[in-house]
Amino acid sequence: MTSDSLMLTPSTLLHASDTLTVIDDKSVISIYDIRSNRRRLFVLIMIAFSSIILPFCDTVYLPALAQLEHDLKTSTTLVDYTISSYLVTCGSFGLLWGPLSDRFGRKIILLISFAFFTAFTIVCTLARSIIVLLIFRSLQGGAISASLIVGQSVVVDMYPPERLGFAMGLFLVPLLVGPIIGPFIGGALASSFGWRSTFVALIIMAAISTIVILVFVPETHHYFITQRQLKLGKKIKTNTIREIHSISKPTFMPPWRPFVFLLDITIAPHIFVCATIFGTLFVSLTLIANRAADKPYSLSPFLIGLCYIPTGTCSLLGSLCGGYVSDWSAKRFSRIAEGRLVISLLGATLCPMGLLLCGWTFHFNVHIVVPLIGASMFCFGETFIFTSVAAFVNVKRSAMAGAILALINALSFVCAGLGIIGAIPLVAVIKFGPLFSLLAGLSSFTIIIAMVVVANQFRKTAFIIRASDLPKAESFSIKNKQIIEESTSLQWF
């Protein structure tokens, strides 16, 4: 029987491109429904709580940079490099943690990474030279990057595509709370006990996160779930799971393989938007700490920590709003997967506007409140688009979503680390206004390119099929389905 003669109805399930197998609707469940909504939300909150340590580790000692420089008798440049080295390894090691979690499971990789992170943090606490601190800060970043990469994979494992925007936005909340409470707590600790106390706080947080993962976070990898259910003799059988064709025995994917998506014109522009904006975010946050400690502001570590509260709050709001708007936009512009990015890309324009306001007001020594308003605008726009892109790639390329997310995070953190290395000497030469104008121009360029690609995808789409209309149709030709898929297929450079 050929695909031209088959008709797809609500009582049948498509198992291959040219054959159909009839299955009783009542016997088919989704892999996403094996947990209740309450249980799924609880696991999401636990894994999100554990991931807060990644941004907290990066920002907790920003208010204490001057203290660290004096105590270790080093330069401002080398102290700032402890931040950039952390970010670079955080991005590059993420390409390894993702494939490892695909091969061996999510939970075991998270536990191993937190064990390494705790050991490296202990060495940082006892460091007596800037070289030792640089080396083990780099190892810190490599270890803790698993909390973000594997954490995102856990969210993708548990939530169906239609709810992924909301779930991803909720997952990112603690990651965005970290920049709020990190400098605030770090400033208070550094003022009272010195900069080493910030690393003691990280050790305590790592221990708590390890216990949370061990006790409350189950294995969520689809393949390992189905295998465990079969071994335990549960009622869930592989032939009753709707997503059976996407569940296969995991293999280790080479860490460099995700880079192939940089050749995909439907994915690459959005990857570059996230990478450039995220990199610019950390460059600006680091420079803000240095500028606030310098004349004419001369703020104490505690007050510098307070300056990050509005920026972190706006990051939090941007993530929540971005997830909601992403899901709404996906329904409103349901012609193609890029529909969920329409509003988000417009919101991302807050990033270059905020950079210009922050940079030039710092340049002319305007009251600290004004540049912080610009920084807050930028932070809102960054998380607003980042959440939407994370949901978009999971819908657009669900089979390789983990690899694409790992690539986005890797490039984002590497751009942040290298950006700090380049920006520190550059800001001394051209000052804040011109430097932030360059960063705003780079962000604007990537956003415009992404907008053009989305508009082009809408233009190329010949058919509009809303997901809500499919169950109402009495029949649907498989041949037409193939034509529609071809009309929205990959466009390569």
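Structure summary
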quantity	calculated
Cβ pairs under 7 Å, 6+ apart, first in the stretch 18-44 and assigned to a loop (DSSP other than H, G, I, E, B), second modelled with pLDDT under 80 and surrounded by 10 or more Cβ atoms within 10 Å (Cβ to Cβ)	D18/S3; I23/L13; V28/L13; V28/T240; V28/R242; S30/R242; S30/E243; I34/I236
Looking only at the stretch 101-135, and only at residues there that are in contact with a helix residue (DSSP H, G or I) (Cβ under 7 Å, 6 or more places away or on another chain) and not in a helix (DSSP H, G or I), the one that is farthest from S50 (Cα to Cα)	A127
Residue check, L346 under 30 Å from L95 (Cα atoms), modelled with pLDDT of 90 or more and among the aliphatic types (A, V, I, L, M)	yes
Counted residues, the stretch 304-337 - those being over 29 Å from A375 (Cβ atoms), part of a helix (DSSP H, G or I) and of a type outside the set (A, V, I, L, M, F, W, C)	2
The lone exception for T266 - which of (1) over 24 Å from the mean Cα position of the chain (by Cα); (2) modelled with pLDDT of 80 or more; (3) not aliphatic (A, V, I, L, M) it fails	(1)
C358 over 30 Å from R103 (Cβ atoms) and of a type in the set (A, V, I, L, M, F, W, C)	yes
Among the residues listed as S84, S75, S92, the single one being more than 17 Å from W195 (Cβ to Cβ), of a type in the set (S, T, N, Q) and over 16 Å from the mean Cα position of the chain (by Cα)	S84
Which listed residue is in a helix (DSSP H, G or I), closer than 30 Å to I29 by Cα and polar (S, T, N, Q), from S145, S138, S153	S153
Qualifying positions in the stretch 258-292 - in contact with a Pro (Cβ under 8 Å, 6 or more places away or on another chain) and surrounded by fewer than 18 Cβ atoms within 10 Å (Cβ to Cβ)	none
Which numbered condition K431 misses (of (1) more than 30 Å from S75 (Cα to Cα); (2) modelled with pLDDT of 85 or more; (3) among the basic types (K, R))	(1)
Any hit, the stretch 161-179, residues being over 19 Å from F384 (Cα atoms) and within 21 Å of the chain's Cα centre (by Cα)	no
Residues that are surrounded by fewer than 21 Cβ atoms within 10 Å (Cβ to Cβ), more than 28 Å from the chain's Cα centre (by Cα) and under 29 Å from F386 (Cβ atoms), drawn from the stretch 293-316	A293, L299, L303
Selection from the stretch 346-392 of residues that are farther than 18 Å from L320 by Cβ, polar (S, T, N, Q) and in contact (Cβ under 8 Å) with a residue 24 or more places away in the chain	T349, N365
Residues of the stretch 165-224 satisfying the condition of being crowded, with 19+ Cβ neighbours inside 10 Å, of a type in the set (G, A, S) and closer than 30 Å to R128 by Cα	G178, G182, G186, G187, A190, S197, A201, A206, S209
Residue match in the stretch 226-244 (condition: at pLDDT 85 or above and either of a type outside the set (A, V, I, L, M) or over 27 Å from S300 (Cβ atoms) (or both))	no
The stretch 48-100, residues that are part of a helix (DSSP H, G or I) and among the hydroxyl-bearing types (S, T, Y)	S50, S51, T59, T76, T77, Y81, T82, S84, S85, Y86, T89, S92
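Here's the yes/no breakdown for (1) under 19 Å from N456 (Cα atoms); (2) surrounded by 21 or more Cβ atoms within 10 Å (Cβ to Cβ); (3) at pLDDT 95 or above; (4) touching a Cys at 6+ places or on another chain (Cβ under 6 Å):
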residue: R335; (1), (2), (3), (4): yes, no, no, no
residue: E338; (1), (2), (3), (4): yes, yes, no, no
residue: V366; (1), (2), (3), (4): no, no, no, no
residue: F378; (1), (2), (3), (4): no, yes, no, yes
residue: G381; (1), (2), (3), (4): no, yes, no, yes
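The values are calculated or read from the model by the stated rules, or taken from the named source; none is laboratory data. All values derive from a computational prediction rather than experimental measurement. Please note: Cβ atoms are built from the backbone with ideal geometry, for glycine as well, and neighbour counts cover all protein chains shown.
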